[in-house]
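The values are calculated or read from the model by the stated rules, or taken from the named source; none is laboratory data. What you see is a predicted model; the values in this text were computed from it and never measured. Don't worry about glycine lacking a Cβ; one is built from the backbone with ideal geometry, like all the others, and counts go over all protein chains shown. All accessible areas refer to the heavy atoms of the entire protein, side chains included, with ligands and DNA or RNA removed. Shrake-Rupley method; radii C 1.70, N 1.55, O 1.52, S 1.80 Å.
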Amino acid sequence: MIIGNFTYYAHQNAYAGEIATLTVLRTNVKFLPTEKTGDKEPDYRIVHEFEGMAVELGAAWTRNSDRGRHYLSVMLDDPALPTPINAALFPSTENEQAALVWQRQAKKPPVTEAKPASPRARKSSGQAPRPS
């Protein structure tokens, strides 16, 4: 499901666009490149700029698919969300456009704990068992 549309600006190595879902509409969202000091740090910070302020929404890492296609692995987070949103930004191969794509993770079946086998109930006659 496409939840955002962005334009790539090569001179800034940045993306700008919007994120829109049934509950969220954020315009003026930017993927801004970072100066990495380590391999695990993100390649981009995702910010929403409005009224002279910038609020960080997440981060993105440059990846290549098994087919060799370049994309950004995106993590969006917000204190109101129960968990971060994982998505991917796929640049077009034809122009400077890119689509932010999200897919709901399949729900895992609930883990059920195995109950220990209950000991068989013995009929009680009130007497101790006799040896055979």
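Tabulated data for the structure shown
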{"quantity": "Mean accessible surface per residue for the range 30-117, computed with a 1.4 Å probe while every protein chain stays in place, in Å²", "calculated": "79 Å²"}
{"quantity": "Electrostatic dipole magnitude of the chain [Cβ: Lys, Arg +1; Asp, Glu -1; Cα centre; debye, to 20]", "calculated": "1680 debye"}
{"quantity": "Under 18 Å from the residue 20 label point (7 Å along Cα→beta-carbon), backbone N, the range 71-99", "calculated": "90, 97-99"}
{"quantity": "Entry for Rg and Dmax of the Cα atoms in Å (calculated from the structure that is shown) out of (i) 26.5, 94; (ii) 13.6, 41; (iii) 15.0, 46", "calculated": "(i)"}
{"quantity": "Label-point gap, in nm, between residue 86 and residue 2 - each point 7 angstrom along Cα→Cβ", "calculated": "2.4 nm"}
{"quantity": "Distance in nm between pseudo-label sites at residue 51 and residue 75 (7 Å out along the Cβ direction from Cα)", "calculated": "2.9 nm"}
{"quantity": "DSSP-loop trypsin sites (Lys or Arg not before Pro) across the range 1-41, with at most 12 other Cβ within 10 angstrom", "calculated": "36, 40"}
